[in-house]
Amino acid sequence: MIANIIVVGAGQAGAQAVDTLRREGFAGRLILVGDEAQLPYQRPPLSKKFLAGEMTEDRLMFRHQPFYDEHQIELHLATGVTRIDPATRSITCTSESLQYDRLLLCLGTTSRLLTCPGAQLAGIHYLRCLADAIQIRSHIKPAARAVIIGGGYIGLETAATCRTMGCEVTVLEMADRVMNRVASPCVSQYFSDRHSAHGVNIVCNSRVVQIEGLNQVERVVCADGSQYDADFVIVGIGAMAASSLASAAGLNCDNGIVVDEFCRTSDPHIYAAGDCTNHPSIHYGRRIRLESVDNAVEQAKTAALNMLGREVKHDRVPWFWSDQFDNKLLIAGLSDGHDELIVRGDPTQRVFSVCYLKEHALIAIEAVNQPKDYMAARKLIADRTPLDAGKIPRIDTLLKEAV
Amino acid sequence: MPRIVFIDANSRREVLATSGISLMEVARQNQIEGILAQCGGACACATCHVYVAPQWMDQLPAREDMEQGMLENAWEPKDNSRLSCQITVSEALDGLEVTIPERQG
């Protein structure tokens, strides 16, 4: 009999899991442990509307306190977990020890840290949580000089927000193009151009070797000797699964907590969901780790159902989005292993999509300001519908009719 | 505070809303089933789809291209389909009625 469930990690996955557990009838003791003081909140707006001051903290929360009270979800917030002991089925928190029958780990990720000299100076920020966003926001004002290290989603979204708020913005990217890990060269070029048009200085092939300043960051120095004056720095150079608690407990970890399609870890009483998991993608037939809202939500639901004894597999086509200035990038699927890449539409018209095919079926799409293609693609990818590649570039034909 | 009515196959619920937030947020605050809003209001997922009572359609600002494109391939779109994250609640919408589709996505 399952009387106690503990969920560790109060982000997107953790919040979803407790919601689903109660909705699906779990009547035992339900504890949600989170290391931050706030009620569980959404992270995507932290680089966009919240950073821009267009959204208050209150609106970030998934649920307000009455929801947790009404559903008897015990919130242990501002609470760090120091140890999991699978043998006694207990976790050790800052000030107490708690017993579980089932444990769900929704530990998320930690930011990859800059290691160059000066990386500890004041004014250098990462963006992982609300407190980070609040700190960054305090620097944003007209003519403030922002240097952003890393041209991925976090770097470019914060660059767009800072620029819109009047900052002078430079983005330093180590690779030869921005978003090189997540998008095609054509999409990288498009976003690079949009940033330049808005006055963001994008510098690729640029490796940061030192940050200088007396007490506070003053400038960023690159390997080629170039220097960029900075009032503040945002570092977005990737994230790693927060799996140290799990590996210390002896759980199988390898680029994340290794789970099966039922979100079970190598311990039969412990499950994991969200960004921290290395999980099988049934659709793509390989193991993946995703940093994705949809994956966090859906794995959390799957884990909750399986903890309650229903056998449900996690089987999703991943999707992602990014907002930069007035452009929306919508991505569905994973493009690795494609054998054909077809551009639909014209980037100069600001509406286009990049379609990735493998053996005549769509496996991924990057849609720029093109919601129709994106929504159609999600179905085409999931169904593995064979497409007629010759029809795909014709923008007068709907993507779903390119069969 | 404007009153909003959410209707699904089994029930009809009237809730009091806060002006200035989105209809999707009103649904979420009131635990309305069937509005998933996975992207949290970024107009990126089409899982907060509602059918607006026809007499209210003219009271709402027109759909922008992004919402329009998302809705065309949402589950069973109709002329009165809207994404609830794109509708800002105000006193002018007091009494607004929306019906929740059988499914989202």
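Structure values in brief
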| quantity | calculated |
| --- | --- |
| Failed item in (1) more than 14 Å from chain A (Cβ to nearest Cβ); (2) assigned to a loop (DSSP other than H, G, I, E, B), with B:G41 passing the rest | (1) |
| Enumerated strands (runs of 3 or more DSSP E) restricted to segment A:211-295, each holding at least 2 residues that are surrounded by fewer than 17 Cβ atoms within 10 Å (Cβ to Cβ) | A:227-229, A:286-288 |
| A:R137 being in a helix (DSSP H, G or I), modelled with pLDDT of 95 or more and in the same structural domain as A:C222 (by TED's automatic domain parsing) | yes |
| Tally, over segment A:363-401, of residues that are of a type in the set (A, V, I, L, M), surrounded by 16 or more Cβ atoms within 10 Å (Cβ to Cβ) and within 14 Å of another protein chain (Cβ to nearest Cβ) | 10 |
| Within segment A:302-346, tally of residues that are surrounded by fewer than 18 Cβ atoms within 10 Å (Cβ to Cβ), within 12 Å of chain B (Cβ to nearest Cβ) and assigned to a strand (DSSP E or B) | 1 |
| Residue check for A:E54: without any contact (Cβ under 8 Å) to a residue 12 or more places away in the chain, farther than 27 Å from A:V297 by Cβ and either buried (at least 17 other Cβ atoms within 10 Å of the Cβ) or of a type in the set (D, E, K, R) (or both) | no |
| Out of A:I31, A:I73, A:I6, sole residue that is of a type in the set (V, I, T), more than 22 Å from A:T109 (Cα to Cα) and crowded, with 19+ Cβ neighbours inside 10 Å | A:I73 |
| Residue count, segment A:128-147 (criterion: of a type outside the set (D, E) and in contact (Cβ under 8 Å) with a residue 40 or more places away in the chain) | 13 |
| Single match in B:T18, B:T47 (criterion: within 14 Å of chain A (Cβ to nearest Cβ), assigned to a loop (DSSP other than H, G, I, E, B), buried (at least 18 other Cβ atoms within 10 Å of the Cβ) and β-branched (V, I, T)) | B:T47 |
| Filter result for A:A249 (in contact (Cβ under 8 Å) with a residue 40 or more places away in the chain, more than 20 Å from A:H139 (Cα to Cα) and touching an Asp or Glu at 6+ places or on another chain (Cβ under 9 Å)) | yes |
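The values are calculated or read from the model by the stated rules, or taken from the named source; none is laboratory data. The structure displayed is predicted, hence computed values, not measured ones. Neighbour counts are summed over all protein chains in view; Cβ atoms, including those assigned to glycine, are modelled from backbone coordinates with ideal geometry.
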